[in-house]
Amino acid sequence: MYTVDSAALKAISHPTRVAILRYFRAHDLASPNELARALGVSLASVGYHVRRLEELGFLRLAKRVPRRGATEHFYRARTDVDAEGAVRDFERRLLAPEGDRRAELRVLLDASAMADLRVAAHQLYLRMRQLEAEAVTRAGVDGTSRSFAVDVLFVVEPVPTVASCLAAR
């Protein structure tokens, strides 16, 4: 099975790329044009993200179809890549308390709780920036304090159900 590295994890954390990968859970084949309509995102944006997902190995070009003087490209998700599983494993390792690898991150929330969670995520972001500034200050000019680059992945968005994916068709 294809392994997902940290650069790929960072790349697939973009909300549009997450939505594209989720779309492919319910659809075998899709073009950027179809994805743009289904996701409500511009064709230019979807085209860029699809090309990036193909470069990273999450999608593969399945066929080309001539359309009014142009060529429409259709893609499939690679079946040997578990992008969501890789993201979940990465999140568990990153966010689990020290020594505890059992953290579950998928929860059932209503609209009010989602709004509260978004506020909390923003507060966490602001706190991380504050910690970063403090670490830079501690490092000083001589750079004697050891610091680490840290990737943080925190996506707050509803998980589509099979019924909602079918209704979007």
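Applying the set (1) surrounded by 15 or more Cβ atoms within 10 Å (Cβ to Cβ); (2) touching a Phe, Trp or Tyr at 6+ places or on another chain (Cβ under 9 Å); (3) modelled with pLDDT of 90 or more to Phe58 leaves exactly one unmet item: (3). Inside region 27-57, residues that are free of Cβ contacts under 8 Å to residues at least 12 places away in the same chain and at positive phi make up a count of 1.
Return the residues of region 30-65 that are out of contact with any Leu (no Cβ under 8 Å at 6 or more places or on another chain) and hydrophobic (A, V, I, L, M, F, W, C); say none if nothing qualifies. Listed by number, the residues that qualify are Ala30, Leu35, Ala38, Leu39, Leu43, Ala44, Leu56, Leu61, Val65. Just to be sure before I move on: is Thr16 surrounded by 13 or more Cβ atoms within 10 Å (Cβ to Cβ) and either assigned to a strand (DSSP E or B) or touching a His at 6+ places or on another chain (Cβ under 8 Å) (or both) in the structure I sent? It is true that Thr16 is surrounded by 13 or more Cβ atoms within 10 Å (Cβ to Cβ) and either assigned to a strand (DSSP E or B) or touching a His at 6+ places or on another chain (Cβ under 8 Å) (or both).
Of the numbered criteria (1) assigned to a helix (DSSP H, G or I); (2) at pLDDT 90 or above; (3) over 12 Å from Ile20 (Cα atoms); (4) of a type in the set (Val, Ile, Thr), the one Thr71 fails is (1).
The values are calculated or read from the model by the stated rules, or taken from the named source; none is laboratory data. Note that this is a predicted model, so its numbers are computed, not measured. A quick note on method: Cβ atoms are made from the backbone with ideal geometry, for glycine too, and the neighbour counts reach across all protein chains shown.
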